[in-house]
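Just below is one structure, and these are the notes that go with it.
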Amino acid sequence: MEEISVTAIVLNSLNYKEKDKIIHLFSLELGNISAILKSVSSPNAKLKFAGQPFCFAKFDLVKKGEFYVVKSADLIDTFFDLTIDYENYVFSMSMLEILNYVLKPGIISEGLFIALLKTLKNIVYNGINVKLALLKFYIYLLELTGYKLNFITCDNCGLKFMGGIKFNAESGTFRCRSCSGGELVDQQVFMSLKIIDGTDFDRLNTLKLNDDCLSSAIRLVINNVSKRLNYVFKSFKDVNLV
């Protein structure tokens, strides 16, 4: 039997048979893979932690048929503090949700793995506003999936932005005020997005941005991600993004 060790974050889990679970892992080495946790629903199961979303661990796996089976897991972090604040939890869950959707089997993305890990650490350990942290993550996701936001020039006429700026929801791009299509975007919201785009994950703690502005920005970006990737987020079903 094939055995392999991967460093991974649990995206979600599903009950399987009487006491087992199927977990979807975003691994650094293999991308998105499915694995079975045996007897994990038992009260004293040693690997119960490995069936929880956000569990970051080194997993030892054995390949059996189309699935891997978890042989053992060495916990690195649970990011447990995410469960303390409902907004932090819901917003963070949206990242796991979209990654489980976009990461098809066999697709390996070290960049996205590191981005997810840094975003979780920024929220839990660096006290960064969850909306700010997610804006950076989703702007980066859009870039990796071929929908990079251009904050320099109008996508229609190609001229550098001066004055009013619009966002075209159909194309997912910013346009200058004189070009047709799109709705006007608050200048502060646009500049905040531009600043976040140009700031490294490790330096987000240096930014001081207005929370109302971040709320408007996150709504624009989440809606754009949803439209570009043709996905409706379940995480935000009962949450007002603004």
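The values are calculated or read from the model by the stated rules, or taken from the named source; none is laboratory data. This is a predicted model, so every value here is computed, not measured. Note that we place each Cβ from the backbone using ideal geometry, even for glycine, and neighbour counts take in every protein chain shown. Note: areas computed on protein heavy atoms with side chains; ligands, DNA, RNA excluded. Shrake-Rupley method; radii C 1.70, N 1.55, O 1.52, S 1.80 Å.
Computed quantities for the displayed model
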read-out: Longest segment of the chain lacking trypsin sites (Lys or Arg not before Pro) that sit in a DSSP loop with at most 14 other Cβ atoms within 10 Å; value: 47-147
read-out: Rounded if a/c under 1.5, otherwise prolate or oblate - the stretch 67-117, Cα gyration tensor axes; value: oblate
read-out: Apportionment of accessible area to carbon and sulfur, the chain, percent (1.4 Å); value: 50 percent
read-out: Charge sum, other residues only, whose C-beta stays under 14 Å from Asp81's C-beta, Lys/Arg counted +1 and Asp/Glu -1; value: -2
read-out: Cα→Cβ-extended label distance, 7 Å offset, between Leu28 and Ser5, nm; value: 1.2 nm
read-out: For the stretch 1-49: relative contact order, % (alpha-carbon pairs under 8 angstrom, 6 or more apart); value: 28 percent
read-out: For the chain, fraction of C-alpha pairs farther apart than 26 Å, in %; value: 43 percent
read-out: Links that overshoot a 30 Å alpha carbon limit, given the list Lys17/Lys118; Lys160/Lys234; Lys148/Lys237; value: Lys17/Lys118; Lys160/Lys234
read-out: Surface per residue (accessible, 1.4 Å probe) for the stretch 127-215, Å²; value: 51 Å²
read-out: Ellipticity estimate at 222 nm from DSSP helix runs (n ≥ 4, -39,500 (n - 2.57)) divided over the chain, nearest 500; value: -10500 deg cm²/dmol
read-out: Along principal axes, Cα extents of the stretch 154-242, largest first, whole Å; value: 36, 33, 21
read-out: Rotationally averaged projected area of the stretch 1-91 (alpha carbon convex hull; nm²); value: 6.2 nm²
read-out: Separation of alpha-carbon centers, the stretch 1-76 and the stretch 118-153, rounded to whole Å; value: 27 Å
read-out: Heavy atoms of Ile123: accessible area, 1.4 Å probe, square angstrom to 10; value: 10 Å²
read-out: Length-normalised contact order for the chain - Cα pairs under 8 Å, 6+ apart - percent; value: 15 percent
read-out: Surface per residue (accessible, 1.4 Å probe) for the stretch 32-71, Å²; value: 49 Å²
read-out: Cβ-based net charge around Leu193, under 13 Å, with every Lys or Arg adding one and every Asp or Glu removing one; value: +2
read-out: Semi-axes of the equivalent ellipsoid for the stretch 59-170, Cα gyration tensor, largest first, Å; value: 34, 20, 11
read-out: For the chain, built as a Gaussian network whose Cα springs stay under 10 Å, the top-fluctuating residue of Leu112, Leu134, Leu207; value: Leu207
